1. State the answer as a single residue: which of 53, 262, 187 lies farthest towards the positive end of the charge dipole of the chain, with beta carbon charges of +1 for Lys and Arg and -1 for Asp and Glu, about the Cα centre.
2. About the Cα centre, and with charges only on the beta carbon of Lys, Arg (+1) and Asp, Glu (-1), how big is the dipole of the chain? Nearest 20 debye, please.
3. Quote to one decimal, in nm, the extra length available between residue 311 and residue 250 on full extension: 0.36 nm per residue of separation minus the C-alpha distance between them.
4. Kindly provide the chymotrypsin sites (Phe, Trp or Tyr not before Pro) of the range 205-309 that DSSP labels as loop, not H, G, I, E or B, and whose Cβ sees at most 13 other Cβ atoms within 10 Å.
5. Roughly speaking, what is the centre-to-centre gap between the range 256-307 and the range 186-224 when only Cα atoms are used, to the nearest Å?
6. So what are the radius of gyration and Dmax for the Cα set of the chain, in Å?
7. Counting other Cβ atoms within 10 Å, which trypsin sites (Lys or Arg not before Pro) in the range 110-152 have at most 11 and lie in a DSSP loop?
8. Residue by residue through the range 188-195, what is 3J(HN,Hα) from phi via Karplus (6.51 cos²θ - 1.76 cosθ + 1.60, θ = phi - 60°)? Round to whole Hz and write x for glycine and proline.
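The values are calculated or read from the model by the stated rules, or taken from the named source; none is laboratory data. Quick caveat: nothing in here was measured; it's all calculated off a predicted structure. We place every Cβ from the backbone using ideal geometry, glycine too, and count neighbours over all the protein chains shown. These area figures cover heavy atoms from the full protein model, side chains too; ligands, DNA and RNA do not enter into them. Shrake-Rupley method; radii C 1.70, N 1.55, O 1.52, S 1.80 Å.
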Amino acid sequence: MTIKKIGKWFLRIVLAIVGIIVVALLVTATVNQIALSKETKKIENYGQKIDVFDGKMNVRIDGKGKETIVLLPGYGTPSPGIDFKPLINELKSDYQVITIEPFGYGLSSQTKRERTLENVTEEIHYVLAQLKIESFILMGHSISGIYGMNYVNTYPNEVKAFVGIDTSVPNQPWPGNPTKTIDFLRYSGVLRLFTKMRPELFEYPHLTKEENEQYRMLNLKNTGNQSMRSEGIELDNSFEKVKTMTFPKSLPLLLFIDHGNAETVPTWRDLHLKQVKNANKGASFELEGGHYLHRTQSKKIVSEMKQFLND
């Protein structure tokens with residue numbers, strides 16, 4: 001066989017493989033769209049919808065305590081109202097707990113507003129104003145460390161304390177948002193295929209079987225949607241805007257840090273400790289349990305928070 005014939009044979013094989021992959025992706029994408037349409041009817045409502053600018057934001061309210069705690073999620077959380085369940089359960093006997101689902105999250109709608117640091121902050125404020133909440137403890141996870149910091153500097157008279165759950169910090173290592181990869185997983189149906197092949201990776205012990213199924217459907221519905229995508233792209237600018245920002249010295253600041261991140265992410269521990277040292281009343285706790293500490297360490301978080309606030 002000549003080199004020319006070998007080249008043609010090899011090219012045919014490559015083209016055949018590419019063709020098979022393209023057809024397979026077309027099939028998974030079609031199946032995904034059909035499934036999404038069917039699952040929309042199976043997703044159960046929770047919380048209440050509030051008109052916010054050009055859309056509706058979903059808010060879950062639990063408990064009737066005199067003090068109010070506002071929960072803000074990490075970036076891309078499919079359903080904050082479900083994800084925060086262990087923390088809500090620990091808090092609701094003593095506090096009124098308000099879980100805000102930003103545009104594109106949970107049961108909230110999409111928005112055409114730019115996902116800037118300022119707009120996200122303004123939307124949170126608008127929701128709380130609609131609910132007539134004028135004084136509260138702000139508790140945030142992950143990227144809400146950035147949004148929360150901007151909030152307390154923009155509306156300093158509203159927040160009584162900030163509690164961070166492995167929160168993002170200024171000048172942290174930030175690789176950027178892999179929007180193209182997320183787009184591929186979303187629109188190709190590969191994410192759905194992966195949930196079928198490895199369902200155990202998408203089942204969380206802190207949720208019931210029914211809640212896990214709801215969370216799975218919301219994950220497939222929301223991951224990489226337009227609002228989340230726009231927010232992810234804008235995060236580069238958001239981190240740049242807070243490079244020199246700090247929490248007000250007079251604001252009580254309590255930070256819970258994941259031990260795993262503290263050990264593996266450069267400067268993670270030091271940047272959080274720097275925030276605590278800048279506060280007149282500050283404390284930090286390093287806990288085992290992964291980035292989503294509210295799933296694994298809710299009892300410890302609430303116990304330490306109560307003692308910190310009472311002191």
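1. Of the candidates, 187 comes out farthest on the positive side.
2. 1180 debye
3. Values: separation 61, 0.36 × 61 = 21.96 nm, distance 1.50 nm.
Residue separation times 0.36 nm, minus the Cα-Cα distance, leaves 20.5 nm.
4. none
5. Between the Cα centres of the range 256-307 and the range 186-224 lies a distance of 28 Å.
6. Calculated on Cα positions, Rg and Dmax stand at 21.9, 85 Å.
7. 112, 132
8. 7, x, 5, 4, 5, 4, 5, 5
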